[in-house]
1. Output the residues belonging to segment 146-178 that are touching a strand residue (DSSP E or B) at 6+ places or on another chain (Cβ under 6 Å) and not in a strand (DSSP E or B).
2. Under 7 Å between Cβ atoms, which residue pairs at least 6 apart in sequence (or on different chains) link something in segment 142-168 that is at pLDDT below 85 with a partner that is in a loop (DSSP other than H, G, I, E, B) and of a type in the set (Gly, Ala, Ser)?
3. Residues that are at pLDDT 95 or above and under 23 Å from LEU149 (Cα atoms): find the strands (runs of 3 or more DSSP E) completely inside segment 1-80 holding 3 or more of those.
Amino acid sequence: MKTYHSLFLILIASLTMIASCKKENTLEVELAKLPPATQTGANTFGCLVNGKAWVAQNKDCIILCDPSFDTYYDTFNGGFIALSAFLKDNANNLDEEIDIAFDSTDFKKVFSFVKGKNDLNIRFLNFKGTTYNTVLDSSIKGNCNLEILNYDLRAGIISGSFEFTLSKPGHETIKITNGRFDSKL
């Protein structure tokens, strides 16, 4: 009986190890699809959305395309920076947008969402699917962090990393991890 018990424990341990390795390999595969985390103004934007690679791109565009990633910098009232990234792919029924906007009046290196403060706003939009999560506000629960890694006005470059979770009753929770952007202002 001890032999069967030992074999059963070894089998369970082996299956647990295999499942763990598969999860790590899946994460590594998805991370490899993201653009590198650069700080040179490469105009790249990527992250994992619920564990799947999400890279700003417009696969359906042939002529007169809108950019898949755009950065807007305004000095009015002390200034703000807005990042807008788009993923359009009709073949896979994707038409999504991620927007991140933050106040550059009292520029910080790290932003965290705090209800009642307007220094960080994030939204995830899905125009074709069944999920639609809107601007992060008092009706949406969220944990958001944004870290600026390079902010060089002389060279016109802003780069950073981000992660956030948005949830709203009746909608799928959107969990963004391993986010990175590198843009010209």
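1. Those that are touching a strand residue (DSSP E or B) at 6+ places or on another chain (Cβ under 6 Å) and not in a strand (DSSP E or B): GLY156, THR173.
2. LYS168/SER139
3. On the way: elements: 44-49, 52-55, 69-74.
So the answer is 44-49.
Residue-by-condition table, conditions (1) part of a strand (DSSP E or B); (2) over 20 Å from ILE148 (Cα atoms); (3) of a type in the set (Asp, Glu); (4) modelled with pLDDT of 75 or more:
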site	(1), (2), (3), (4)
ILE98	yes, no, no, yes
LYS115	no, yes, no, no
ASN118	no, no, no, no
LEU125	yes, yes, no, yes
THR130	no, yes, no, no
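The values are calculated or read from the model by the stated rules, or taken from the named source; none is laboratory data. Only a predicted model underlies this, so the values are computations on that prediction, with no experimental measurement involved. Using ideal geometry, Cβ is built from the backbone for each residue, glycine included, and neighbour counts are taken over all protein chains shown.
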